C-alpha cells in the first residue's frame, strides 16, 4: 500500500488548453498547484507563478511559448 504525504492526496485537476499559431492549432493541459500554474504537452512543459491574470490566459501564453520552442 502506498501512503502519500499530507497535502498530496489528490492530483490537481487538469484542464485542456489550445492556441493557434500561424494557422495551426496546438493543445495541451494545464493545472494549478498552490500558486504555480503548469502547462504540459506531449513534448514538454512550462510553469510560472500565478499573477493577476486569469489562469486560462496564462496557460495559453505558456502554451504559445512552448510552440515557439518546438515543444508542442
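Every read-out reported here was derived from the displayed coordinates using simple, explicitly stated rules and does not represent laboratory data. Since the model is a prediction, treat every value here as computed from it, not as a measurement. When we count neighbours, we look across all protein chains shown, and the Cβ atoms used for this are built from the backbone with ideal geometry, even at glycine.
Take segment 15-68, compute every pairwise Cα distance, and split them into 10 Å bins from 0; I just need the percent in each bin.
Reading upward from the zero bin: 28, 58, 14, 1.
Remind me, relative contact order of segment 15-68 in percent, using alpha carbon pairs under 8 angstrom and six or more residues apart?
In percent, rounded to a whole number, it is 33.
Per the helix-only calculation at 222 nm, which mean residue ellipticity applies to the chain, given -39500 (n - 2.57) for every DSSP H run of n ≥ 4 and division by its residues, nearest 500 deg cm²/dmol?
Helix contribution divided over all residues of the chain: -6500 deg cm²/dmol.
Treating the angle as unsigned and between 0 and 90°, give the value, to the nearest 10°, between the Cα long axis of helix 55-68 and the longest Cα principal axis of the chain.
Approximately 60 degrees, to the nearest ten.
Taking the number of other C-beta atoms within 10 Å as the exposure measure, put 66, 49 in order starting with the fewest.
49, 66
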